[in-house]
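**Q** My questions all concern the structure below.
Please treat every number below as a calculation from the coordinates, not as lab data. Just so it is clear, the model here is predicted, and its values are computed rather than measured. FYI the Cβ positions are ideal-geometry reconstructions off the backbone, even for glycines, and counts take in every protein chain you see.
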Amino acid sequence: MKSLQIAAAVAGVFLSASAFSQALVKIDGSSTVYPVTEAVAEEFQKMKKNAVKVTVGISGTGGGFKKFCRGETDISDASRPILKKEMDDCAKAGIKYVELPIAFDALTVVVNPKNNFISQLTTAELKKMWEPGAQGKITRWNQVNPAWPDAPLKLFGPGADSGTFDYFTEAVNGKSKSSRGDFTASEDDNVLVQGVSRDNNALGFFGFAYYDENKGKLKAVPIVNPKGKAVTPSIEAVMAGEYEPLARPIFIYVSARSMDKPEVREFVEFYLKQGGKLAKEVKYVPLADADYKHAMDNFSKKKTGTAFGGEAEVGVKVSDLLKRNPKE
Amino acid sequence: MLQAADLATIRAIITRAKRWDMLFALLGILSLMVGVLTFTVLFVDMAIQGVPRLDYNFFTSFPSRKAANAGILSAWVGTILVMLLTALAAVPLGVAAGVYLEEYAPKNWITDIIEINISNLAGIPSIVYGLLALGLFVYYFGFGQSILSAGLTLALLILPVIIVATREAIRAIPQSIHEGSYACGATTWQTVSDHILPYSSAGILTGVIIGMARAIGETAPIITIGALTFIAFLPPAPFAGDPPAGLFEWIFAPFTVMPIQMFNWTSRPEAAFTINAAAAGFVLVFMTLAMNGLAIYVRYRLRKNIKW
């Protein structure tokens, strides 16, 4: 063990002698938020003529928070709010953070284009298909709605580690992660796209960007919102607040300690100014302009903590979130 | 005198045996084709998709949200630098360990245990090496999520391969060479440095290349230790930049490698990224082939000089 320590000491000397002199913004976290952050990082580096370096990793929302709460990253991408356990980890390490919603993702329920009997779905119908009790029992379309044909029901969805799965189960089944287990799960959304496009009896869900790129192969199902109106997912519908309850906000968390670094501060300001435009470009839904301004205000006032208190919520308005008094 | 009937029986036996021979040859060719054809189909499919995408810009551009602008600059530079460190760490360690086990180690139960362990190490899933490296290199030694950590991780991964290859190569040297050297009064080290290493270098090199070819495609351990996905700058070149970087500063730089870049592209919604992934895959296979080609050439050159 002694030799290990000597080696560590030697390594330490090496490291300190070669610490990076250049400005660096380190980001890690959710693969759902990645496309937006990547776009912002790309444009930011272009604008700064590469004087500031930005790195983005994909460790998943949970993996990203682990690194974030150890102080290894400046910013964490998150497709869901920070959880109680992660809040505790951060608190233990003395890491404070500002929570900033940066865009919406519209979870899109899709069926095969040859499916001609589905013109809309209610959350009650979705619940019938996806609730834990449906496992092994609800296996045919006509069991969900007698008007539908007697054909096998083939379900496709993201794996249980994904924030998309968490949000969908929360919105549809009322409890995060509570779902039937006998569906085809894949962490790779392209696999789900393939699955639904090849099976006439399939139904699946994933982020809007994957539907938008594969419009020819899939049919998006209009979802009946709490007001009783069936709404087809689109950027406009989410912005109008009509695509409920399957539109979810996505976030970045900025470490308060890193906010002292001018390059991190500048990057986040750039993110909140340009993020809306760039989010639209990568098929995510921008927030309202007022919300970006409000977020910017929270950021400059260093309002640390989360507006959620460690639990997921469905159907909450971003403008209300930003008004809340964040807890740590 | 053989009877005509006996002759007919013998001929029948020979014909039957030859038929079996043919059958086995056919089976062998079929088995071979399973591997060769699978590779060919995959490679050709990838080439058809990817090769049209290969142009100068693809090699000199950083990742981008626009598939047409995205390139593999940070990925191929990262892969080459990581491979360089892997070779620098694994070759001396592996060869020294192999030589020790063959030439120096006493034949007792401790050596036996070590040998069994080395064979077992070769079969450990690479993710386990990644987890070990995350604790040891990244946190304990404080190397961080750097090229150095990645190089050392992959070096650990291929160490057993190199040790085993070294030992095989040494065992292929005729015993008479050993004995001749010792008979002339050479010490073990003199025997090793003047005879064993030069004669076995071709075989060792083959093992090194097999190991490196495995390491170049590894994704799991590299992701575990924290390689990045979006990185739009290169490690600092020695003595370049302002203020000038040190000679070894690049080994502490954050990085990405080819397989990670490919993986990210295949999971993107836009179909154009799949083409990028195919192009990057083609480059990666080409890099492996180039390494193998180099190995064959060097082996040929080395073998030419050995005349027993």
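**Q** Can you run down the residue pairs with Cβ atoms below 6 Å, 6 or more apart or on separate chains, where the first is in the range B:29-48 and under 21 Å from residue B:276 (Cβ atoms) and the partner is surrounded by 11 or more Cβ atoms within 10 Å (Cβ to Cβ) and among the aromatic types (Phe, Trp, Tyr)?
**A** Cβ pairs passing all conditions: B:46/B:282; B:47/B:282.
**Q** Then there is this: Need the failing condition index for residue B:227 against (1) more than 10 Å from chain A (Cβ to nearest Cβ); (2) closer than 26 Å to residue A:75 by Cβ, just the number.
**A** Here residue B:227 meets the rest and fails (1).
**Q** Which one of these does residue A:34 not meet: (1) out of contact with any Asp or Glu (no Cβ under 8 Å at 6 or more places or on another chain); (2) aromatic (Phe, Trp, Tyr); (3) within 14 Å of chain B (Cβ to nearest Cβ)?
**A** Unmet condition: (1).
**Q** Test each condition in (1) among the aliphatic types (A, V, I, L, M); (2) crowded, with 19+ Cβ neighbours inside 10 Å; (3) over 18 Å from residue B:269 (Cβ atoms) for residue A:240 and report the one that comes out false.
**A** The failed condition is (2).
**Q** Could you go through the range B:113-123 and let me know if any residue there is under 24 Å from residue A:57 (Cβ atoms), surrounded by 14 or more Cβ atoms within 10 Å (Cβ to Cβ) and touching a residue at least 24 places away in the same chain (Cβ under 8 Å).
**A** no
**Q** Okay, next question. Residue B:276: part of a helix (DSSP H, G or I), within 11 Å of chain A (Cβ to nearest Cβ) and of a type in the set (S, T, N, Q), yes or no?
**A** no
**Q** Taking the conditions exactly as written (surrounded by 15 or more Cβ atoms within 10 Å (Cβ to Cβ) and without any contact (Cβ under 8 Å) to a residue 60 or more places away in the chain), does residue B:229 satisfy them or not?
**A** No; evaluated as a whole, the condition is false for this residue.
**Q** Hey, another quick one. With the range B:134-222 as the region, which helices (runs of 4 or more DSSP H) entirely inside it contain at least 3 residues that are in contact (Cβ under 8 Å) with a residue 12 or more places away in the chain?
**A** In the range B:134-222, B:147-171, B:175-183, B:197-216 are the helices (runs of 4 or more DSSP H) which contain 3 or more residues that are in contact (Cβ under 8 Å) with a residue 12 or more places away in the chain.
**Q** Something else now. Applying the selection to the range A:166-207, what residues are surrounded by 18 or more Cβ atoms within 10 Å (Cβ to Cβ), of a type outside the set (A, V, I, L, M, F, W, C) and not in a helix (DSSP H, G or I)?
**A** Once the filter is applied, which keeps residues that are surrounded by 18 or more Cβ atoms within 10 Å (Cβ to Cβ), of a type outside the set (A, V, I, L, M, F, W, C) and not in a helix (DSSP H, G or I), the range A:166-207 yields A:176, A:179, A:180, A:186, A:199, A:204, A:207.
**Q** If you go through the range A:37-47, how many residues are touching a residue at least 12 places away in the same chain (Cβ under 8 Å) and within 11 Å of chain B (Cβ to nearest Cβ)?
**A** Adding up the residues that qualify gives 7.
**Q** Whether any residue in the range B:185-201 is touching a Leu at 6+ places or on another chain (Cβ under 8 Å) and within 14 Å of another protein chain (Cβ to nearest Cβ) is what I want to check.
**A** No, the range B:185-201 contains no residue that is touching a Leu at 6+ places or on another chain (Cβ under 8 Å) and within 14 Å of another protein chain (Cβ to nearest Cβ).
**Q** Criterion first (among the β-branched types (Val, Ile, Thr) and over 20 Å from residue B:295 (Cβ atoms)) does residue B:162 satisfy it?
**A** Spelling it out, it is not the case that residue B:162 is among the β-branched types (Val, Ile, Thr) and over 20 Å from residue B:295 (Cβ atoms).
**Q** Next question. Looking only at residues that are outside any loop (DSSP other than H, G, I, E, B) and either under 14 Å from the mean Cα position of the chain (by Cα) or within 14 Å of another protein chain (Cβ to nearest Cβ) (or both) in the range A:279-294, which one is farthest from residue A:102 (Cα to Cα)?
**A** A:281
**Q** Condition (residue is under 25 Å from residue A:242 (Cα atoms), basic (Lys, Arg) and part of a helix (DSSP H, G or I)) applied to the range A:128-151: is it met by at least one residue?
**A** yes
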